[in-house]
Amino acid sequence: MTSLTALRNVIANLPLGRKLLAIQIAVVVSICAFSIVVLTLTAYYISGKYLIPSAVNRIQYILHTQAGHEPLSSSSEHTHNLLQSLLEPEDEIIQLGLYNPGGALIAQASQEQNLPPMPATLPRPGDDSDLHALTVLHPAEGELTVIAKASARLPQHFVLGITIAAPIMVLLILTLLLILNRLIQYLITAPILHLISIANTVSDGENYQVRAQKQFDDETGVLASTFNTMLNRIEARDLMLTSERDRAERAGQQAQALAHETSEANKSLEHEVRVRTRIEQELTGLQNFLSSIIDSMPSTLIAVDEQLLIQQWNNEAEKLFKVQRSDALSRPVNEVVPLLATHLPSIRSSITQNSIQSVEQLPLFASGEERTLEMIVYPLQGGQHAGAVIRIDDVSERLRMEEMVVQSEKMISVGQLAAGMAHEINNPLGAIIQSAQNIKRRVSPNLAKNIEVASQLGVDLERLNYYLKKREVLRFLGNIQDAGARASSIVNNVLQFSRRSNRMLVPTSLSELVRRTLEIAYSDLGIRSRIIRHEIEIVSELDESLEAVPCIPNELEQVLLNLVKNAAHAIFSRQDPDWKGLIKIRTRSEGAWAVISVEDNGVGMDAETRKRIFEPFFTTKEVGEGTGLGLSVSFFIIRNNHKGALTVQSTPGQGTEFSIRLRR
């Protein structure tokens with residue numbers, strides 16, 4: 001397989017003429033070989049079919065004729081000579097054997113000395129296809145058998161004829177082959193080689209003016225015509241390309257001139273671009289800087305043009321009105337902010353009259369909460385386009401703080417009034433207490449002075465004291481003393497409560513502070529009357545170890561008093577006459593914290609109320625009963641002034657517990 005592949009590759013790489021010659025030689029040699037083989041096989045067939053039977057018949061005839069004249073087996077030599085005479089050199093019979101009736105070999109003859117002898121006994125029919133049996137009837141000896149061995153070989157004259165004819169045939173074939181090769185070269189190879197030469201001339205020298213000669217009107221002629229057409233097109237295209245190249249060269253020269261001019265212009269433009277880029281960067285930076293300033297301002301800023309279309313919308317505007325900047329720009333301001341629809345005349349007036357317009361107390365309802373806004377409209381000045389800047393501030397907290405300040409001032413005034421009244425009350429209280437004490441001393445039977453004066457007047461002090469005791473005069477005097485002392489204690493607590501605090505944290509006994517607060521709470525008529533009627537009970541569970549907790553006493557008393565009053569109000573709000581209210585005030589220690597809890601069994605609070613309980617001005621009381629500042633102020637005092645915590649736990653219908661946590 002490898003040899004065939006190599007031979008195929010060698011043949012494939014031969015020139016076209018040699019390929020055709022090789023094909024011709026292969027075809028002619030194949031035809032000659034096939035013819036000789038067919039001729040030889042035919043000769044062998046004729047020899048076996050016709051020549052051998054003819055020779056056998058001839059020998060049989062001669063033997064029959066000879067048997068009539070003399071006996072065949074009378075002399076062995078005679079018989080051998082007879083048989084040898086029957087063999088001709090060019091005959092197909094190459095060996096003869098004579099057998100007697102018993103099957104024994106009598107005599108034999110051969111054309112060649114190297115042939116093997118005939119069988120000693122008569123061979124059976126079918127042992128050898130080349131053996132032919134002949135029967136000869138001899139009058140004296142009976143039936144004799146002659147075995148003739150034939151060879152299907154070509155006759156000598158046939159071999160000689162083949163030997164002479166073969167070279168002649170080869171010469172004739174070679175002559176025809178040479179003539180055929182010349183014709184093929186003239187008709188096929190020469191036109192193709194001519195086209196190859198023209199193609200090489202075109203490819204090597206780029207000469208598109210040469211043309212192929214059309215020699216015949218066959219396929220090679222069509223190929224030559226097509227090749228010439230291709231050359232015509234290539235030449236035309238080459239001429240066109242040459243023309244275009246010349247034009248391109250001229251254009252290139254012009255382009256170089258223009259490039260020089262363009263280069264100069266580009267340099268100028270690059271300089272201008274750099275200047276403009278720097279200016280744009282500065283403007284962009286300035287714009288970003290101004291936008292950052294506008295977005296960083298705590299006020300809502302909205303810029304509008306003459307048609308009141310929004311041109312600027314800062315971050316505070318997004319937060320306040322819940323509208324993104326991309327959704328607000330280039331839209332009418334009254335469409336984006338319906339709140340400003342009623343104030344469009346003020347905005348237009350600011351633009352047309354170049355004046356500042358302001359609107360105070362602008363209500364806004366958002367997320368279930370009412371907020372108060374303040375709007376100021378500034379006209380745009382110094383620009384090419386008229387417009388205005390709307391500044392909106394949320395003043396809800398400021399108004400609340402103002403109200404808290406007013407309330408605080410009221411509390412200060414009330415405190416000053418209470419302090420003045422306390423001073424005025426203290427004097428008669430002192431006189432009452434001292435007078436009651438003096439009365440008890442003047443009727444005492446144990447003082448020497450009383451005994452002396454009574455003796456002078458003839459009064460029995462024992463009987464007088466018995467009378468006073470019987471009539472409970474002494475008890476009344478004791479009540480006067482107790483009431484005066486209690487009133488004096490209340491006045492002192494009010495004085496201490498009303499004094500301005502220096503906001504300094506001082507170590508304080510929480511138990512004493514709670515007791516003072518409860519004494520003030522007892523002075524509340526509503527609480528006192530219900531305590532007397534046993535409708536409410538105040539229980540205190542105090543940890544006496546909390547002796548030095550840092551706090552601002554006056555402020556902490558204010559917080560506790562407010563929590564106790566709120567607890568009492570929660571109990572009063574229960575519309576159940578059989579219900580007995582209970583307020584528990586407890587102090588305890590939890591690690592680094594001191595805890596004061598105020599617990600009641602009043603109406604309690606739901607989750608929504610608990611979320612807003614410390615908001616300023618939020619109250620659950622009826623109108624006129626509270627300001628809503630008590631718990632918010634208390635939360636501020638504990639959280640900011642004491643750095644503690646004020647928390648609430650409540651269940652509707654079961655009660656509420658406020659817890660104050662202070663660092664120890």
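The values are calculated or read from the model by the stated rules, or taken from the named source; none is laboratory data. Values in this document were obtained by computation on a predicted structure and should not be read as measured data. Note that we place each Cβ from the backbone using ideal geometry, even for glycine, and neighbour counts take in every protein chain shown.
If you go through segment 420-458 and keep only what is outside any helix (DSSP H, G or I) and either basic (Lys, Arg) or surrounded by 12 or more Cβ atoms within 10 Å (Cβ to Cβ) (or both), you end up with VAL443, SER444, PRO445, LEU447. All of (1) modelled with pLDDT of 80 or more; (2) in contact with a Lys or Arg (Cβ under 9 Å, 6 or more places away or on another chain) hold for GLU544 with one exception: (2). Among residues of segment 188-213 that are closer than 21 Å to THR242 by Cβ, those with a beta-carbon under 7 Å from a residue that is among the polar types (S, T, N, Q) and at pLDDT below 70 at least six positions away or on a different chain give the pairs THR201/ASN207.
Yes/no per residue for (1) part of a helix (DSSP H, G or I); (2) buried (at least 22 other Cβ atoms within 10 Å of the Cβ); (3) modelled with pLDDT of 90 or more:
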position: ILE538; (1), (2), (3): no, no, no
position: PRO550; (1), (2), (3): no, no, yes
position: GLU555; (1), (2), (3): yes, no, no
position: ALA568; (1), (2), (3): yes, yes, no
position: PRO577; (1), (2), (3): no, no, no
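How about segment 306-325: which of its residues are touching a helix residue (DSSP H, G or I) at 6+ places or on another chain (Cβ under 9 Å), surrounded by fewer than 16 Cβ atoms within 10 Å (Cβ to Cβ) and under 23 Å from ALA386 (Cα atoms)? Result: GLU306, ARG325.
For first residues located in segment 367-387 and under 22 Å from VAL304 (Cβ atoms) and assigned by TED's automatic domain parsing to the domain that holds LEU344, partners that are modelled with pLDDT under 80 and among the charged types (D, E, K, R) and lie 6+ apart or on another chain with Cβ distances below 6 Å form the pairs GLU374/GLU360.
Highlighted here are the helices (runs of 4 or more DSSP H) found entirely within segment 302-349 that include at least 1 residues which are in contact (Cβ under 8 Å) with a residue 60 or more places away in the chain and within 20 Å of VAL395 (Cα to Cα): 315-321. One residue alone among GLU608, GLU625 is in the same structural domain as GLU537 (by TED's automatic domain parsing), at pLDDT below 75, of a type in the set (Asp, Glu) and within 24 Å of ARG574 (Cα to Cα), and that residue is GLU625. Please verify whether segment 265-283 includes one or more residues that are in contact with a helix residue (DSSP H, G or I) (Cβ under 7 Å, 6 or more places away or on another chain) and in a helix (DSSP H, G or I). For segment 265-283, residues in contact with a helix residue (DSSP H, G or I) (Cβ under 7 Å, 6 or more places away or on another chain) and in a helix (DSSP H, G or I): absent.
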